Every structure is written in C-alpha cells, then in structure tokens.
Amino acid sequence: MNGMRASAILGILAAAVYTDLRSERIPNSIIVTGLLLGLAYQLFTGRLAGLLIFCGGILLPVLMLFGLFCFRMIGAGDIKLLCVVGGFLGPADGAGCLFASFLIGGVIAIFRIVCSRSMIKRLTFLAVYVRNYTSAGEWSSYLGQSEKSARIHFSVPVLLAVAGYLGGLF
C-alpha cells in the first residue's frame, strides 16, 4: 500500500510541478484529485482515524502558512499542494515535509541569488517592502512587487521534500 501511496503522491506532485513551471499556476483539478486520493488512502488504511488524520493533515498547512499568504509571499496553489501532502502523510509527517520544503526552497533561493549576484538588490527590495508596510500599516503583495526572475516555483521544493521523505532521507 505504501508503494501505491508513494506513486499517487509523486504523480500528483509531478503534475503540479509541470503545470506550475509552464503556467505559474497549479490547477484545482490536480489539487482535488490529490485530496480525493489522499482521503481514499486514509479512509482505506485507517477508517475513522484515517479521516481525522486526513483532516489534520490538510488543516495544518493552512494554519501555518496563512500569514505568508496574507502578505502574498506564498501562493494559494502552494498551500493547497501542501494540504494534499498533509492529507496523504498526516499532520506530523506533512509538517516535516513543509519544513523541508522551506529549507530546500531557501537553498534554491540562495543559489539563485549567488549565481545572479543580486544579494544587495534582493535585500534592498525586502527592506523597502518592510519599510512600506510599517509606515503604511497596510498589507501589500510581496510577490506582485518582485520581478518574475526572483520568484521560486515552490512546487519544486515540495516535490523534492516529499521525495526525500519517501526515500527515507528524513
């Protein structure tokens, strides 16, 4: 059963990465398919307890990432994709994959900043964003103000984190 779970979740994540890289969006059809497969897996393996594990797994990313979403530092599709992961893996392992995703995303971001030699530019952008927020007291989109080349397709770190989890790296 774990092989089927791994195949299903990796297939969903691969489809999400593909569409995210092509269109900068993760279609709801992929998310719904992933949620339904995760729910079916949890119900089949755990019955009522599986339903509770599924609900906890999908709720945790929403609660943990709501602030980042409000500041538009992470997209709704990325949060929904992490809900799919949580639905399959449960809240504890889903949280581990969430943290691993952020670590991997951070490494990718640092690599891109170093390679493009844009450290000063990125730090200046962040400082201006924080200053504007503190002076105006209003939320504005962090991603909307940044250049497309500075953005990371977060579905990639999510896929890498889940592959690492399934492969026993953590």
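What follows is calculated from the coordinates using simple rules that are stated; it is not laboratory data. All values derive from a computational prediction rather than experimental measurement. Every residue, glycine as well, gets a Cβ built from its backbone with ideal geometry; the counts of neighbours run over all protein chains shown.
Provide the gained length on full extension for the span Phe99 to Ala76, in nm with one decimal, where the gain is 0.36 nm per separating residue minus the Cα-Cα distance.
Value of the extension gain: 6.6 nm.
Once both labels are modelled 7 Å past Cα along the beta-carbon direction, what's the Cys115-Leu59 spacing in nm?
Between Cys115 and Leu59, the simple spin-label model gives 4.1 nm.
Once every DSSP H run of n ≥ 4 in the chain is given -39500 (n - 2.57) and the sum is divided by its residues, what mean residue ellipticity at 222 nm do you get, rounded to the nearest 500 deg cm²/dmol?
-29000 deg cm²/dmol
Fewest Cβ neighbours within 10 Å first, please rank Ser135, Ser116, Ser155 accordingly.
Lowest count first: Ser135, Ser116, Ser155.
What FRET efficiency comes out for the pair Ser135/Phe69, r = Cβ-Cβ distance, R0 = 25 Å, nearest 0.05?
Calculated transfer efficiency: 0.65.
Output needed for the chain: three equivalent-ellipsoid semi-axes, defined as square roots of 5 times the C-alpha gyration tensor eigenvalues, in descending order, whole Å.
Its equivalent ellipsoid spans semi-axes of 31, 17, 14 Å.
Report the residue, chosen from Arg122, Arg72, Arg112, that carries the largest GNM mean-square fluctuation when the chain is represented by alpha-carbon nodes joined by springs under 10 Å.
Highest fluctuation of the listed residues: Arg122.
Modelled label-to-label distance, Val107 and Thr124, 7 Å Cα→beta-carbon offset: nm?
For Val107 paired with Thr124, the spin-label model returns 3.0 nm.
Measure nothing fancy, just the Cα-based angle from helix 76-116's long axis to the longest principal axis of the chain, in degrees from 0 to 90, nearest 10.
Helix 76-116 and the main axis of the chain meet at about 30 degrees.
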